[in-house]
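The values are calculated or read from the model by the stated rules, or taken from the named source; none is laboratory data. Since this is a predicted model, take the numbers as computed values, not measurements. Positions of Cβ are generated from backbone atoms using ideal geometry, with glycine treated the same way; all protein chains shown enter the neighbour counts. Note: areas computed on protein heavy atoms with side chains; ligands, DNA, RNA excluded. Shrake-Rupley method; radii C 1.70, N 1.55, O 1.52, S 1.80 Å.
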Amino acid sequence: MQILNDRQWYLAQYITGGKNRENLFGWLHEQKITPWTPLTVKTIKRSDKINGYRKRITTVFPGYFFLKANFEHHNITNIRMHSAFSDFVAFGRQIKPVDSGVVERLMKYFPEPDSHTLAKAELEAASAIWLTRAQYNFMVNMENDPMPLSRSAMLMDLVYHSGKHGF
């Protein structure tokens, strides 16, 4: 297996619905690109059973994910051709990498609830990171916001202005 150096994290969007995320992530992994998105486990009351609950894994930022790639080896046009890929989140007109510290701390706060993760090495490394009180409070506020659009806006603010939030 070829090891690619100088890979960086980027923020991108995928088309939600069905198995799009799973299909895209599987395809990216085959391309030696690491995809990851923060997921959380929610407990939902069952309507068909008294005192029954169901656990559901949901995305924290619907439609957004991080990918770790080296664009000298991974063709951006090829990535964009996947049917579930929407586009990269650009800073102006330029696709810029996301500060790896932001992604690592998101991984620390939102450890993968699914045992079949494609970003296992990065998640294991992130488990050793400590969050400051300000970082932890920001994550709690982000997770507790009931509106997905508000959480996505907080994600953009975190990615664009990570220093403002202590990252």
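Ranked from largest to smallest solvent-accessible area, with a 1.4 Å probe on the protein heavy atoms, Ser86, Ser47 come out as Ser47, Ser86.
The simple Förster model, with R0 at 35 Å and r as the Cβ-Cβ distance, assigns Ser127 and Ser47 a FRET efficiency of 0.45. Extension gain for the segment Arg54 to His73, taken as residue separation times 0.36 nm less the Cα-Cα distance, is 2.6 nm to one decimal.
Of the GluC sites (Glu not before Pro) found in segment 71-158, those in coil by DSSP whose Cβ has at most 10 other Cβ atoms within 10 Å are Glu72. Taking the Cα atoms only, what angle lies between the long axis of helix 133-144 and the longest principal axis of the chain, rounded to 10 degrees? For 133-144 against the chain, the angle is about 70 degrees.
How much accessible area per residue does segment 6-163 have, in Å², with a 1.4 Å probe? Averaged over the residues of segment 6-163, the accessible area is 58 Å². The calculated FRET efficiency for the pair Lys19 and Asn137, based on their C-beta separation and a Förster distance of 45 Å, comes to about 0.80.
Rounded to the nearest 10 degrees, the inclination of helix 148-160 to the longest alpha-carbon principal axis of the chain is 40 degrees. A DSSP coil position with no more than 15 other Cβ atoms inside 10 Å describes the following trypsin sites (Lys or Arg not before Pro) in segment 84-167: Arg93. Rounded to the nearest 10 degrees, the angle from helix 20-30 to the longest Cα principal axis of the chain is 40 degrees.
Which trypsin sites (Lys or Arg not before Pro) in segment 5-81 pass both tests, a DSSP loop state and at most 12 other beta-carbon atoms within 10 Å? In loop regions of segment 5-81 (DSSP not H, G, I, E or B), the sparsely surrounded trypsin sites (Lys or Arg not before Pro) are Lys19, Arg46, Lys49. As an equivalent ellipsoid, the chain spans semi-axes of 26, 21, 16 angstrom, where each value is the square root of five times an eigenvalue of the C-alpha gyration tensor, largest first.
Here the accessible area of segment 11-167 is 50 percent carbon and sulfur, with a 1.4 angstrom probe and all protein chains present.
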